[in-house]
């Protein structure tokens, strides 16, 4: 049987570029070589597009170099086009780019125009999950618990920031968390304890996105749940806990400081774990996710569970929560990668709807 060729796209223009490189290595190593070949495509930090030449027989050495932005591996610049993917015989794409340009629907829209199956959620689902303000509206519609919040735009902040601070203080109290509605890696997130620092934080967060969220602070623990599945059959794989080395799980706690801890499984009772899993599946379906997601929660001191956000292409490094939760269930990394690729083909085949409407009227007679 002919091997299927997987196009692994990694890198990207977001702050999670380096994480994406490590995720790509994990996927390359986990790929079932008896079923799949692969071609590696890099989006550089400046947006340039490259294709890596054959990795050769020493895959470990190749992977050890991939993680470095300035590696000296042989790669050639290419056009971001359907011809590029066709020339390399790509059957399916694994777009392992985190954050802006990878999880926001932009890359998914490009792949849709090429009609190439790809791992993960579609255009709208990706965009909605990435835009936390819109995601919150859908969560509320489905009765999914979340912390109270206010959303303000850059124009509103520039026009009357003090009024927004007053409204936040009255509705939410302090402390509050301020964050860009669109963004990843906890960049641009600030914890504030008074109106003066809140106004400064809003203006800082608005440098990253037009919309800014102000959320009620919850004293508690940070839980993460891995979800896997298609549109109908969805599995919550397990619940882990992040214990940040800083006051909260910001960019430094994630990627720079080394003191944060991941606990798998989370030290919570069965009822709480069951509630987190059930809520994760509901949220996955509510936002029409597909393939995979890591869904983050707050566990308050009184035992209440609040959904924080959905990550549609979570980290895939050897120490990332999503693959570690999968493996904690007794599965292998290879089974995860193969399963996600199989789901991509299933989505493409099962949901191949009519694009040509010329015969619709005759067909409906």
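Observations
- The chain - Rg (one decimal) and Dmax (whole number), Cα, Å: 21.2, 67
- FRET efficiency estimate (nearest 0.05) - Cβ-Cβ, residue 1 to residue 204, R0 51 angstrom: 0.40
- In the range 4-119, the alpha-carbon atoms span a convex hull of 95 Å³ per residue.
- Ranking of 211, 355, 204 by neighbouring Cβ atoms within 10 Å, starting from the fewest: 355, 204, 211.
- Build a GNM of the chain with springs between Cα atoms under 10 Å apart, and of 80, 281, 13 the one that fluctuates most is 80.
- Between residue 342 and residue 68, the modelled labels are 3.8 nm apart [label points 7 Å from Cα along Cα→Cβ].
- Simple spin-label estimate for residue 159 and residue 193 in nanometres, 7 Å along Cα-Cβ: 3.3 nm
- Computed from Cα atoms alone, the Kirkwood hydrodynamic radius reported for the range 148-216 is 11.3 Å.
- Full extension of the chain between residue 285 and residue 219 gives 21.0 nm of extra length, using 0.36 nm per residue less the Cα-Cα distance.
- Paramagnetic reach from residue 170 in the range 199-216 [backbone N under 18 Å; point 7 Å along Cα→Cβ]: 199, 214-216
- Exposure proxy ranking for 129, 329, based on other Cβ atoms within 10 angstrom of each Cβ and starting from the fewest, stands as 329, 129.
- Among 39, 283, 159, residue whose mean-square fluctuation peaks in a GNM of the chain (springs only between Cα atoms under 10 Å): 159
- Near-label residues of the range 4-27 by backbone N, under 16 Å of a point 7 Å along Cα→Cβ of residue 75: 7-27
- Rounded to whole Å, sorted largest first: equivalent-ellipsoid semi-axes of the range 4-57, Cα gyration tensor: 21, 12, 8
- Within the listed set 133, 44, 219, the residue fluctuating most in the Gaussian network model of the chain (springs between alpha-carbon atoms under 10 angstrom) is 219.
- Extension gain for residue 60-residue 263 works out to 70.2 nm (0.36 nm per residue, less the C-alpha to C-alpha distance).
- Model label sites at residue 140 and residue 328, defined 7 Å from Cα along the beta-carbon direction, differ in position by 3.2 nm.
- Between helix 195-205 and the chain: long-axis angle, C-alpha atoms, 0 to 90°, nearest 10: 10 degrees
- Projected-area average for the range 133-253 over all orientations - Cα convex hull basis, square nanometres: 8.5 nm²
- Gain upon complete extension [residue 86, residue 34; 0.36 nm per residue less C-alpha separation]: 16.5 nm
- Sorted ascending by nearby beta carbons within 10 Å, beginning with the fewest, 290, 141 become 141, 290.
- Projecting the alpha carbon convex hull of the range 268-365 along each direction and taking the average yields 9.6 nm².
- Relative intensity, log₁₀ I(q)/I(0), of the range 220-331 from a Debye sum that treats every alpha carbon as a point, q = 0.11, 0.13, 0.15, 0.18 Å⁻¹: -0.32, -0.45, -0.60, -0.87
Each reported figure results from applying straightforward, stated rules to the coordinates on display, with no laboratory input. Remember, predicted model here, so these are calculated numbers, not experimental data. Neighbour counts are summed over all protein chains in view; Cβ atoms, including those assigned to glycine, are modelled from backbone coordinates with ideal geometry.
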